[in-house]
Amino acid sequence: MGKTLTEKIITDHLLVGDFKKGQEIGIRIDQTLTQDATGTMAYLQFEAIGLPRVKTELSVSYIDHNTLQTGFENADDHAFLQSIAAKYGLYFSRPGNGICHQVHLERFGQPGKTLLGSDSHTPTGGGLGMLAIGAGGLDVAVAMAGGPFYLTTPEVIGVQLTGKLNPFVSSKDIILKVLEILGVKGGVGKVIEYYGEGIKSLTVPERATITNMGAELGATTSIFPSDEVTRTFLKAQNRADVFKELLADTDCKYDQHIEINLNDLEPLTAAPHSPDNIKTIASLEGMKVNQVAIGSCTNSSYIDLVKVAKILKGKTVHPDVSLVISPGSKQVFKMLANDGYLVDLISSGARILESACGPCIGMGQSPSTNAVSLRTFNRNFFGRSGTKDASIYLVSPETAAASALTGVITNPTKLEMDITTLMPDHFLIDDNMIIPPILNGDKIKVIRGPNIKALPVNSPLENQLKGEVLIKVEDNITTDHIMPAGAKILPLRSNIPEIAKYVFTSVDKDFSQRALDKKGGFIVAGHNYGQGSSREHAALAPMYLGVKAVITKSFARIHKANLINFGLLPLTFKNEVDYDKIEQGDVLILKDLILSLKTDSKIKLINETKNQEYELLSEMSNRAKDIVLAGGLLNYTKEI
Ligand code: MIC
Ligand code: SF4
């Protein structure tokens, strides 16, 4: 039987185990990327490992998230990261050079290579035929040190695209359709592989929009083949030399199969507050809009923004709408200027922001009270925009631009104009904002501002854990609920004691103090706990507050790995009904943990308050269990 693309790349990089569904494997990582909001932790951890230089083929440190400098903290972190890059042999992408995923696609991504990034949208690289996976900073640190990246051999979902998109329907609408079909946990433990006639009409940045938002399916990653379209893109980036054809075998068998006819698609949106709450734009037409934000690693490529400029040209943004646009990279920004499109954007009244994540992570541009905000981004989680009562709708650039002009949700397919935009034959190449690695960084002194605090470490797991249920939360809790971002909290990413004060603030503002007062305890949650970002702060900060175990119906992949990496026990209910029996404040006891974990037996949970007993499962590999027993990956690594 033939092989899927996923199987081909994984077997090519296999260091530990066999490609057998459900089994843990370790793969070699060729490239890594970090961004500034997760990078400081990743490099503190890399320093703790103690190597003189990264061992990957290529590692890049990007500055793109924490770019509002309302105090010294973010600028200090940037200086730390720059000095780390010089010391340990990394490329450094300076602030202003763009969003990590967009820049990586343009300048570094290579078909057939593995990429591990401390950001959940690393699968953007799948648009180029890379196996690109998001992970916590510690996993990225280990990969930079040359260690394998461990994952569960995924199932592979084949998504066959047929037909061709109609004008004003875009790749964003394709991924929104996939989200409608699979939902936010439909991709957990799976890789989504795209193929079929329909992919031939999608350029690499359009493919990257789709693989980027595969993160919202909970997927391990998403990938397109590397074909003539890929070759054309790489050639236009002056990088034809790294092209390599990579296709799935025609007789390969997918574990699940989905077919989407592109001719049938219409403009879609993800309505508040979940990326899988899909509605047609047609059904919402006429709804008043207060803000439109165009950008993010999902939709800020040159083609995206040229289409926006063509729609806005010669017109003015509606008086009741604030339109903000952030070009994805300096390359995109410069080409928009060079080709005259920037003038059209500026003339329309769009507020142009720097090439960075910006409003996507709540770094400014929070909408007004009760606002409706249309965003070309990938996440509309509750509170993420910085305005709790705002309603965020995720849309394509075409829908966003059309609606910015009318002030109401507008179906772009009704526009009578031609915005066909072809991929440029040559992108403007200028890597002057990327500092390449130096040969020997021994003499470089790492710059450490006062906001950069030492990494807290956990202690080995105790045989018995007793404590209160500090909080009980429902299904699909995101890392934005657990460890909020935004302009106020993000500058504390390298200061765990400070950032820990904000754990769960959007859900329960007393959580942090309660956890400290009770000297720790347990978190109880529903399905898909920890979906969304890769931020390990969502594990590290609860750990700092004394949380020892998280008991759920199920976990999101990256968050579960982060809990394990920091020695927090991730447990699931054997019988989901037991979730209903537990309340916040109940005193729980977990007994004989060491033996139970070592012998793989079920774990007994005693609810002292209710005088009940439940059965829990520890669904982890033996290696993961040993890591938790040791109190986290750094302790475990020292032990072996
Ligand atoms: C996000 O989109 O949520 C982020 C901010 O990029 C995160 C990383 C972080 O929290 O720093 C992600 O996607 O992993
Ligand atoms: Fe940045 Fe938003 Fe992309 Fe995260 S999703 S990397 S915050 S642009």
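The values are calculated or read from the model by the stated rules, or taken from the named source; none is laboratory data. Quick caveat, the model's predicted, so the values are computed rather than measured. In this analysis, Cβ positions are derived from the backbone assuming ideal geometry, glycine residues included, and neighbour counts consider all displayed protein chains. These accessible areas exclude ligands, DNA and RNA; they are computed on the full protein's heavy atoms, side chains included. Shrake-Rupley method; radii C 1.70, N 1.55, O 1.52, S 1.80 Å.
Observations, loosely collected:
- Long-range amide H partners of GLU24 with built H, under 5 Å: THR153
- Relative contact order (percent, whole number), the chain, Cα cutoff 8 Å, 6+ residue spacing: 14
- Cα gyration tensor category, rounded, prolate or oblate, for the stretch 86-137 with a/c compared to 1.5: prolate
- Contour excess over end-to-end distance, with Cα ends at ASN575 and ASP251 and 0.36 nm allotted per residue: 112.7 nm
- Of the GluC sites (Glu not before Pro) found in the stretch 538-630, those that fall in a DSSP loop while having at most 13 other beta-carbon atoms within 10 Å are GLU576, GLU583, GLU608, GLU619.
- Among the protein heavy atoms of the chain, carbon and sulfur supply 50% of the accessible surface, probe 1.4 Å, non-protein parts ignored.
- 18 Å reach of a label modelled at LYS519, 7 Å along Cα-to-Cβ, counting backbone N of the stretch 546-575: 546-549
- Inter-label distance for GLU639 and SER283, nm, one decimal - labels placed 7 Å from Cα along Cα-to-Cβ: 5.1
- Using a probe of 1.4 Å on the protein chains alone, the accessible area found for ILE346 is around 100 Å².
- HN-Hα J in Hz across the stretch 379-393 - Karplus 6.51, -1.76, 1.60, θ = phi - 60°, x for Gly and Pro: 9, 10, 4, 3, x, 4, 6, x, 10, 4, 8, 6, 10, 9, 10
- Using a Förster distance of 41 Å, the FRET efficiency for ILE594-GLU57 (Cβ separation, nearest 0.05): 0.55
- On a per residue basis, the stretch 542-605 carries 37 Å² of accessible surface, using protein heavy atoms and a 1.4 Å probe.
- Take the Cβ atoms of LYS20 and LYS164, set R0 to 35 Å, and the FRET efficiency comes out at 0.40.
- Averaged over its residues, the stretch 7-158 has an accessible area of 25 Å² per residue, based on protein heavy atoms and a 1.4 Å probe.
- For the chain, the C-alpha radius of gyration divided by 2.2 N^0.38 Å, with N the number of residues, is 0.92.
- Rounded if a/c under 1.5, otherwise prolate or oblate - the stretch 184-277, Cα gyration tensor axes: prolate
- Most to least accessible of ASP320, ASP30 (protein chains only, probe 1.4 Å): ASP320, ASP30
- Pairs beyond 18 Å (Cα-Cα), from LYS591/LYS625; LYS177/LYS288; LYS518/LYS602; LYS3/LYS253; LYS3/LYS190: LYS177/LYS288; LYS518/LYS602
- Across the cross-link table entries LYS519/LYS598; LYS472/LYS560; LYS313/LYS414, which are compared at the Cα atoms, the separations over 20 Å belong to LYS519/LYS598.
- For ALA219, residues with placed amide H under 5 Å, excluding near neighbours: GLY187
- Residue-by-residue Karplus 3J(HN,Hα) for the stretch 358-364, coefficients 6.51, -1.76, 1.60, Hz, glycine and proline x: x, x, 4, 10, x, 7, x
- Taking a ≥ b ≥ c as the square roots of the eigenvalues of the Cα gyration tensor, an a/c ratio of 1.5 or more together with a/b larger than b/c marks the stretch 172-233 as prolate.
- Estimated from helices alone, the mean residue ellipticity of the chain at 222 nm is -8000 deg cm²/dmol (sum of -39500 (n - 2.57) over DSSP H runs with n ≥ 4, per residue).
- Sequentially through the stretch 43-57, phi angles give Karplus couplings (6.51, -1.76, 1.60; θ = phi - 60°) of 6, 4, 6, 5, 4, 5, 5, x, 8, x, 7, 5, 10, 6, 5 Hz, Gly and Pro residues having no value and appearing as x.
- Virtual spin-label span in nm between ARG231 and GLN584, 7 Å along Cα→Cβ: 6.0
- Relative compactness, the stretch 277-386, computed as alpha-carbon Rg over 2.2 N^0.38 Å: 1.05
- Linear extension gain, GLU180 paired with THR406, 0.36 nm per residue minus alpha-carbon span: 78.6 nm
- The residues of the stretch 209-324 present an accessible area of 37 Å² per residue when probed at 1.4 Å with all protein chains retained.
- Amide proton proximity set for LEU33, modelled H, under 5 Å, gap of 5+: VAL60, LEU116, GLY117, SER118
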